[in-house]
1. Explain nothing, just compute: Karplus ³J(HN,Hα) = 6.51 cos²θ - 1.76 cosθ + 1.60, θ = phi - 60°, for every residue of the stretch 242-248 in order, whole Hz, x for Gly and Pro.
2. Find which of Leu181, Tyr151, Pro141 sits farthest along the positive direction of the dipole of the chain, computed with +1 on the beta-carbon of Lys and Arg, -1 on that of Asp and Glu, about the Cα centre.
3. Within the P(r) computed for the stretch 179-318, what percentage of the Cα pairs occupies the region above 26 Å?
4. Tell me, what is the FRET efficiency for Leu160 and Ile118 to the nearest 0.05, using R0 = 30 angstrom and their Cβ-Cβ distance as r?
5. Where Rh is the Kirkwood radius over the Cα pairs of the stretch 30-173, the temperature 20 °C and the viscosity 1.002 mPa s, what D in µm²/s does Stokes-Einstein return?
6. Roughly speaking, what is the stretch gain from Leu74 to Asn35, that is 0.36 nm per residue apart minus the C-alpha to C-alpha distance, in nm to one decimal?
7. Show the residues, 5+ positions off or on another chain, whose built amide H is closer than 5 Å to the amide H of Ile59.
8. Could I have the simple spin-label model distance between Leu64 and Thr305, label points 7 Å from Cα toward Cβ, reported in nm to one decimal?
Amino acid sequence: MEEQTLRYYLKVFSFTLFLILLFLFIYAYNILNKNIELKNNPLSIDKGESLEEIIIKNINNYSLLDINIVKSYLKINNLIKSNLIHYGDFNVPKNSSYLDFINIISKSSNLLTKITIIEGWSQKKLNLELSKYFRDYYPIPYADIIADTYYFEKNSDYNLFIEQIKKNKASYFNKYKNNKLLTNFNQSEIMIMGSLLEKEGLDYEDKKLVSSVIFNRLNKNMKLQIDATVIYSITDGNYDLDRKLLINDLKIDHPFNTYIYKGLPPSPISYVGKKTLDILFENYNSDFLFYFFNNSLNRHIFSKTFKEHKEKLNEFRSK
């Protein structure tokens, strides 16, 4: 009799425990799947913030029981797979549940910031842009990256950003690894020529012709005599020259002055974009060796010989 009574109470206890656990499971399930009301969206999570602090700061109408259930869920989930909370900015869709919320903040920020590096920009202009997003930024050499639009997480590590944009350049040049241009020039020289085109060329057709002049002059061991390098010799890329070049400017003894020194400048004079580099890889050929800028026509005038160049230039000046 006593044994039967014990068995009866054990069954009652087991059944009661099962009902309690079932109730807790259903309750927790409903809590985790109910829609939450956000105070802020997008929301920002600071480094080192606890889950409790995150919920209190960003969710309306929470309860202590809600917090404990969500914390317990995260702990249990972490036994199966690591689900660490990330810091940064996050966008949480409307009608999201606690489960959705945890899933979003357990991944990298889903809000991306972008920087667009403009072709022909100076290092000073890029530094000004970088200072808006990174506290620990440092200048990026012209030769290291390609002007493009780059996306990154807010508060991301600057060195990771640098790795990303360097990979972009490596990927671009890998696309042209079998191009004949790379048999005559290395990547650094191509970046230098690209920067000259950015500063000298007006549009696609104009840049094609200017690139052909650069190739022709280098092949003939002639001085490039590019005005943009003279301007860089004067300004070091730190400011815009708000006047026309003078004859004396062309005589400045500076390693970037291609009126004085043969060959390419020591390094690029601006950031270079993919479209300009694409033009170089076209290996466009012409017989032109000279050009000047015609203000009235707003375009460059190209010539094959110095005699032709001088005649066109004198005609332009006489008008």
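1. 8, 8, 7, 5, 9, 4, 5
2. Leu181
3. Pairs farther apart than 26 Å: 19 percent.
4. Efficiency computed from Cβ-Cβ geometry: 0.85.
5. This corresponds to a translational diffusion coefficient of 123 µm²/s.
6. 12.3 nm
7. The list, which skips near neighbours in sequence, is Lys39.
8. Label-label distance for Leu64 and Thr305, simple model: 9.7 nm.
No lab work stands behind these numbers, since they all come straight from the coordinates. Treat the numbers as computed from the prediction; the structure is a model and nothing was measured. In this analysis, Cβ positions are derived from the backbone assuming ideal geometry, glycine residues included, and neighbour counts consider all displayed protein chains.
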